[in-house]
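The values are calculated or read from the model by the stated rules, or taken from the named source; none is laboratory data. Remember, it's a predicted structure, so these values are computed and weren't measured experimentally. Note: ideal-geometry Cβ built from the backbone for every residue, glycine included; neighbour counts use all protein chains shown.
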């Protein structure tokens, strides 16, 4: 019998993998993928709560998260392209324009 | 073991394996392909959770749009000579990252298992997550939010074009 706890465990482990990936990688695009992984983990948790509580709200929330994720990726990758023009690299250790 | 349980374990295991490969692959393009595996297996889990609409959105938006955008940018920005598949060089930084991920996950697991005792499994109505009930619920209760989301997408579109546009002054210099 699969319970809510199984889904929450899966979702949290995926979120943790995303966190670790965000903190240990150097490639800015893999950082983006880690963020997507974390967003997906949250979506899974929302949908599983929606099922186990028999409410639609979780699914509607996921729809809005999709909107925000699409906007985030579009703007983020545009920033990355613009940064690549200046720095000629996607290594996040070289993105130190705002550091002083 | 019931067939539903087997279904869950297969796709949960696939999602976890692919998730680990996303952050450990040396080549970024392999990371992207493993991320596709994560999206597809999560979509299968959404079907198990009686959310077919969300499963379809998952495939069309994430696997169809976002991942394609990521792969496009990846092919644009990757040069053959740079070693971008590597982890952070600083060992203490890597250790700190792994520790943060593990600790925060463990903490959230401990916190949230207390919550699940409150949530009792209610009888699931037959039309939960069907297209009709999803649309009715969304447009009856969250119409304003839905419209604001479309404005947000438009703003992001204009913003992305403006940021990625070539700076004419920089070109002439």
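Side notes on the structure shown:
- Residue count for segment B:21-35, restricted to those that are surrounded by 17 or more Cβ atoms within 10 Å (Cβ to Cβ), in contact with a helix residue (DSSP H, G or I) (Cβ under 8 Å, 6 or more places away or on another chain) and part of a helix (DSSP H, G or I): 8.
- Among the residues listed as A:2, A:17, A:29, A:79, the single one being at the interface with another protein chain (Cβ under 7 Å from one of its Cβ atoms) and at pLDDT below 90: A:2
- Single unsatisfied condition, residue A:66 versus (1) more than 23 Å from residue B:6 (Cα to Cα); (2) at the interface with another protein chain (Cβ under 7 Å from one of its Cβ atoms); (3) out of contact with any helix residue (DSSP H, G or I) (no Cβ under 8 Å at 6 or more places or on another chain): (3)
- Inspection of segment B:36-53 identifies no residue that is free of Cβ contacts under 8 Å to residues at least 12 places away in the same chain and under 26 Å from residue A:83 (Cβ atoms).
- Segment B:40-52 - residue that is part of a helix (DSSP H, G or I) and at the interface with another protein chain (Cβ under 7 Å from one of its Cβ atoms) and, of those, nearest to residue B:6 (Cα to Cα): B:45
- Evaluation of residue B:14 against the conditions (1) out of contact with any strand residue (DSSP E or B) (no Cβ under 9 Å at 6 or more places or on another chain); (2) crowded, with 19+ Cβ neighbours inside 10 Å; (3) under 21 Å from residue A:19 (Cα atoms); (4) modelled with pLDDT of 90 or more shows that the sole unmet condition is (2).
- Residue selection: residue B:161 fails the criterion of being part of a helix (DSSP H, G or I), modelled with pLDDT under 85, exposed (fewer than 13 other Cβ atoms within 10 Å of the Cβ) and within 25 Å of the chain's Cα centre (by Cα).
- Test: residue in segment B:60-81 that is more than 7 Å from every other protein chain (Cβ to nearest Cβ), within 25 Å of residue A:29 (Cβ to Cβ), modelled with pLDDT under 85 and surrounded by 15 or more Cβ atoms within 10 Å (Cβ to Cβ): yes
- Some residue of segment B:40-56 being exposed (fewer than 15 other Cβ atoms within 10 Å of the Cβ) and over 17 Å from residue B:22 (Cβ atoms): yes
- Just so you know, in segment A:51-62 the residues that are more than 7 Å from chain B (Cβ to nearest Cβ) and either under 11 Å from the mean Cα position of the chain (by Cα) or part of a helix (DSSP H, G or I) (or both) include one that is surrounded by the fewest Cβ atoms within 10 Å (Cβ to Cβ), and it is A:57.
- Residue A:86 satisfies every condition listed in (1) in a helix (DSSP H, G or I); (2) at the interface with another protein chain (Cβ under 8 Å from one of its Cβ atoms); (3) more than 19 Å from the chain's Cα centre (by Cα) except (2).
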